[in-house]
Amino acid sequence: MSRRIFAMPSTFRVPEDLHRTIRNIRIDLEREYEVKTPSLQDFANVALERLLTEWENPRQREEILSQLLTRRQNARMRMGPQPKSSRKSSNN
């Protein structure tokens, strides 16, 4: 059974330490597997598949949701206050 592939935006931001760790893992794998080394796309696909699997477990869903909400809150705090003109109305 073949799966359809959908293109999603390929650029996303990750914290520097996470990027460094993933890059180091990939470099280590390149030494061992050379041309068979998984791509960053492979890393992302496996991580998303695992997220979806874990999401099915109610306890894990609560943990994941807590982590997601905390990360979003921290990101918004780092951005600082936004001008009123760029804020979306709560009526939408």
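Read-outs: derived from the displayed coordinates by stated rules, not from any lab. Note that the structure is a prediction, hence the values are computed from the model and not measured. When we count neighbours, we look across all protein chains shown, and the Cβ atoms used for this are built from the backbone with ideal geometry, even at glycine.
Counting neighbouring Cβ atoms within 10 Å and putting the fewest first, the residues Glu63, Glu34 line up as Glu34, Glu63.
Say R0 is 30 Å: what FRET efficiency, to the nearest 0.05, do Gln60 and Leu29 get from their beta-carbon distance? After rounding, the FRET efficiency stands at 0.65. Over the range 16-75, the fraction of Cα-Cα pairs per 10 Å bin, rounded to whole percents and listed from the shortest bin up, is 20, 35, 32, 13.
Panel order for Thr11, Thr37, by other beta carbons found within 10 Å of each beta carbon, from fewest to most: Thr11, Thr37. Site pair Gln73 and Asp17 shows an inter-label distance of 1.9 nm when each label is modelled 7 Å from Cα along Cα→Cβ.
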